[in-house]
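Shown next, in structure tokens, is the structure this report addresses.
The values are calculated or read from the model by the stated rules, or taken from the named source; none is laboratory data. Every value quoted in this text rests on a predicted model; they were computed, and no experiment measured them. Reconstructed Cβ throughout: ideal geometry from the backbone, glycine too, with neighbour counts over all protein chains shown. Keep in mind that these areas ignore ligands, DNA and RNA; they rest on the heavy atoms of the full protein, side chains included. Shrake-Rupley method; radii C 1.70, N 1.55, O 1.52, S 1.80 Å.
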Amino acid sequence: MGMPSRGFSVKNILEAKKLAEKEKKIEKADSKTALIENVVAAHKEEYGCEPESIAQAPGRIHMIGEHTWFFKDKTLTMAVNIPVFIAVSRRSDANLHFSFVQFKEKKKCSLSALKVRKEDKWANALKSVVYGFNSSGFECSGVDFTVYSDVLPSAGFGITTAMKVAAAWALKDLFKFRVKDETLVQILLKSDRNFLGLDNTLADIFSVVYSKENNIVLTDHSKGTYELLPFKFKNVTVVLTDTSVPRVMTWNEDSLMQPENVLLLGELKEPKSSVFGGWSYDDRSAEKNEVLSVVSEDVRRHLTCIMNEHRYVLEVQSALEKVDFTGFARAVNRSHEGLRDLYDISCPEIDWLLKRVLALGGIEATSRSPLSCGRITGKGFGRCTYSVIRNSDMENYNQVLQEYERIFGFKATCTVVKPSRGVRLV
């Protein structure tokens with residue numbers, strides 16, 4: 001007879017692992033159910049009835065390329081598991097009522113007086129969606145809206161876009177509009193442009209609509225298309241950090257978005273079938289100096305940053321394809337350096353924090369072979385960063401944040417995220 005086995009067999013270990021995964025899924029499902037129950041309860045408390053439709057959309061972060069849209073370039077965006085819920089029900093009149101649970105704010109307006117009002121702030125985003133439907137031949141009647149999001153729009157993680165996209169899906173379901181997702185995207189773009197006066201929301205909307213778990217979205221602004229790129233890096237954590245630094249504009253970014261600047265960069269574009277997207281900028285110093293000699297030094301630096309961002313997007317795309325974290329991290333870190341040194345949108349506090357992120361790998365980490373990466377994120381002069389950090393360095397990052405608060409006096413708030421699926425009804 002053989003000797004009796006001791007400890008766990010391989011079969012025991014696999015069964016235990018499956019059980020742990022099952023329990024994790026149950027816990028996640030219970031948490032989601034509780035959230036939806038909170039949304040329903042909030043809507044019922046405010047309006048006296050349960051919602052007829054609820055949609056959920058993710059927040060998002062632009063990983064690289066968000067400042068290049070005007071130059072018909074590419075943007076890489078990650079939809080993240082920060083859920084925003086929009087609950088709706090029909091009213092018997094022609095009014096729109098809005099309630100944002102976490103803000104504890106209420107707004108209202110009539111369908112006949114649908115316009116942007118400064119005091120309505122977040123509610124303007126929802127009004128824009130109603131405008132988009134009505135101006136596209138899909139008539140909305142009176143609606144009660146409930147917004148539920150634990151992260152507020154001011155954090156800069158795409159909460160406003162998530163509100164608009166979730167509202168579009170909820171209203172489509174509420175009024176049984178027979179429209180495809182592509183049509184809803186066009187309605188949202190139309191409402192942004194004609195109601196809110198926004199022109200650069202293509203990457204925002206594509207990422208929230210089309211994202212899938214463990215993927216990031218690449219938007220090609222020249223073609224108006226998107227594609228999904230798998231995010232397969234293991235043993236790393238993506239952390240969003242609101243540094244709480246006051247937003248200070250040092251220059252008007254809109255001043256760069258001029259047709260003459262597009263023409264200048266167009267002179268430096270050259271077809272290259274060997275690179276992703278089929279073109280790149282001519283990076284020869286003599287050629288760049290000649291073409292950009294007609295602009296001021298500030299504009300020259302800003303346009304140089306735009307050109308560099310194109311290269312970094314290509315490097316990130318290639319690194320994702322090869323599952324090469326070193327190449328990915330190197331491009332992200334260089335992108336931040338460009339935004340800091342050439343585009344003039346960072347600040348000492350954010351630079352200090354990201355420098356410590358790069359140092360988390362200790363003496364093993366170098367600029368050529370980084371073990372972590374980080375970058376300021378957002379289309380304007382934001383105060384938020386994202387970092388991709390080894391799981392083993394997360395405790396050290398928490399200590400960095402404590403030191404940051406002690407030195408600068410700003411309390412940073414962090415959210416651990418992962419790539420999320422896009423909008424859906426719940």
Distance between modelled label sites at residue 275 and residue 173, nm, 7 Å Cα→Cβ extension: 4.3 nm
Positive-end residue of 81, 396, 187, charge dipole of the chain with Cβ unit charges: 81
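If you stretched the chain out fully between residue 108 and residue 190, how much longer would it get, using 0.36 nm times the residue separation minus the C-alpha to C-alpha distance?
27.3 nm
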Which of 181, 120 is most accessible, then next, and so on - probe 1.4 Å: 181, 120
The stretch 202-290: chymotrypsin sites (Phe, Trp or Tyr not before Pro) falling in loop per DSSP and having at most 14 other Cβ within 10 Å: 251
(1) 0.96; (2) 1.01; (3) 0.94, with the label sought being that of the calculated Rg/Rh (Cα atoms, Kirkwood Rh): (2)
Computed E for residue 152/residue 408 - FRET, C-beta separation, R0 22 angstrom, nearest 0.05: 0.50
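Between residue 326 and residue 267, what length comes free when the chain is fully extended (0.36 nm per residue of separation minus the Cα-Cα distance, one decimal in nm)?
Going from the current span to full extension adds 18.0 nm.
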For the stretch 376-415: rounded, prolate or oblate by the Cα gyration tensor [a/c cutoff 1.5]: oblate
Burial order of peptide ranges 168-177, 411-420 (average beta-carbon count within 10 Å, highest first): 168-177, 411-420
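Viscosity 1.306 mPa s, temperature 10 °C: Stokes-Einstein D of the stretch 265-371 from its Kirkwood Cα radius, in µm² per second?
Rounded, D is 104 µm²/s.
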Overall form of the stretch 214-295 per C-alpha gyration tensor (a/c, 1.5; a/b vs b/c): oblate
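Distance check, please: which entries in 176/418; 322/418; 269/418; 44/104; 104/127; 127/418 exceed 25 angstrom between their Cα atoms?
On the way: 176/418 32 Å; 322/418 20 Å; 269/418 34 Å; 44/104 15 Å; 104/127 18 Å; 127/418 30 Å.
Table pairs above 25 Å Cα-Cα are 176/418; 269/418; 127/418.
Given a 1.4 angstrom probe, I'd like the percentage of the accessible area of the chain that is carbon and sulfur, rounded to a whole number.
50 percent
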Accessible area (Å², per residue) of the chain, counting only protein heavy atoms and a probe of 1.4 Å: 49 Å²
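If Lys and Arg each add +1 and Asp and Glu each add -1, what is the summed charge of the other residues whose beta carbon sits under 9 Å from the beta carbon of residue 330?
+1
Evaluate E = 1/(1 + (r/R0)^6) for residue 139 and residue 232, where r is the Cβ-Cβ distance and R0 equals 60 Å; express this FRET efficiency to the nearest 0.05.
The calculated FRET efficiency here is 0.85.
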Rounded to the nearest 20 debye, dipole of the chain from Cβ charges on Lys, Arg, Asp, Glu: 1100 debye
Total charge dipole magnitude, the stretch 230-275, about the Cα centre, Cβ charges on Lys, Arg, Asp, Glu only, Debye to nearest 20: 440 debye
